[in-house]
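Step one of this worksheet: look at the structure below.
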Amino acid sequence: MKRLLQLLALAVLILLAVLLYHTLTLPQADSRVAELPDLPQAMDEDAMVGRLAAALRFPTLPDQPNAFVGFHDFLRDSFPLTHQTLSLKAFGHSLLYHWDSKNDCPPQLLLAHQDVVPVSSPEKWQKPPFAGVVDDDFVWGRGALDDKGSLMAILEATEALLQSGQAPACDVYLAFGHDEEIGGREGAVKMAAWLEQQNLRFALILDEGGMMLPGSTLGMDRPVALMGIAEKGYMTVELQAEAEPGHSSRPPERTAIGDLAAAIHHLQTHPRPASLSLPTRKMLEQVAPHQSFAKRLVFANLWLFEPLIIRQLEGKPETNA
């Protein structure tokens, strides 16, 4: 018995030593802040804000084709050098620009989407969703964040570079889909197929990504910018139930509706098992140096504490996702 206790004590000491080693050898938190460069003289901030606000006034909904036509006219008027210099290929209302560098090196692909989500209750909005209102704090409107802000920023940068006589070292493609919010079948899917036919392989692909989260979500005292390095998939399930027809006065013991409800209940109560994917693990490792010692110990030793982390993340809808 004494020998067993000694072995247990030794095992605990070894475990503690391993935990402490992983914790203490974590990289130190990097608190450096990169200085943002001044905007080139060609970029007028007020004018850029005005163009973004104007872009939001086009209700580019999947069932509003005329809005896309007007939006494309607006883009041509707002970014003349871009439309004179870059070639443009249309896929329905989706737009694929190509900036030819004349150099033989892997190209880059910048993405955004033109379409927005319908507005079910516009009267509940603080500002009209398609008015493009600008005040001292925000540019208001449906699509400001998702995703016309990205689209306009890409085009503003392209136009400014052209105005200053600069060109990219390698080819750049700009892909602006028109049906991302409903699956992208007529836009992104067809553009991707065409790019594949051209045998293009990109050195960089940049799309809309995550968000700024309150630091408290990850146990920190400062906001966290999430960098999206992977895309989450989804699954669509179609359920069909068949049963003998009956009459309300003589209902059968089992009905198709009852079977369907049971199947839906089974799906809801048997979700896919939670796990820490590689990108999620990398995120936790990156924020570990910014944690208190106790949390740093946990994040630095996911090989042991992964079940604990999963239970914590499952506790909130935002992190359970």
Original post:
Ordered by packing density, taken as the mean number of other Cβ atoms within 10 Å over each peptide's residues, highest first, how do 186-192, 162-168, 215-221, 126-132 rank?
Top reply: 186-192, 126-132, 215-221, 162-168
Original post:
If the viscosity is 1.002 mPa s and the temperature 20 °C, what Stokes-Einstein diffusion coefficient in µm²/s follows for the chain when Rh is the Kirkwood radius over Cα pairs?
Top reply: 87
Original post:
How much length is gained on full extension from Ala241 to Ser101, taking 0.36 nm per residue of separation minus their Cα-Cα distance?
Top reply: 44.7 nm
Subject >> Estimated FRET transfer efficiency (Ala90, Thr25; beta-carbon r; R0 35 Å; 0.05) >> reply: 0.05
**OP:** Compare the peptides 296-302, 87-93, 114-120 by average per-residue count of other Cβ atoms within 10 angstrom and give them in order, highest first.
**Re:** 296-302, 114-120, 87-93
Original post:
Among 49-59, 307-317, what's the highest-first ranking by average C-beta atoms within 10 angstrom per residue?
Top reply: 49-59, 307-317
Subject >> 18 Å Cα-Cα reach of Lys316 towards aspartates and glutamates, excluding residues that sit fewer than 8 places from it in its own chain >> reply: Glu306
**OP:** Multiply the residue gap between His266 and Leu204 by 0.36 nm, knock off their C-alpha separation, and tell me the result in nm, one decimal place.
**Re:** 18.2 nm
**OP:** Between Ser164 and Lys232, take the C-beta separation as r, use R0 = 51 Å, and let me know the FRET efficiency to the nearest 0.05.
**Re:** 0.85
Original post:
How far apart, in nm, are the 7 Å Cα→Cβ label points at Lys282 and Lys316?
Top reply: 2.3
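Taken together, the values in this text are just the output of simple stated rules run on the coordinates, not laboratory data. Fair warning: this is a prediction, and the values are worked out from it, not measured in the lab. Cβ atoms come from the backbone with ideal geometry, glycine included; neighbour counts cover every protein chain shown.
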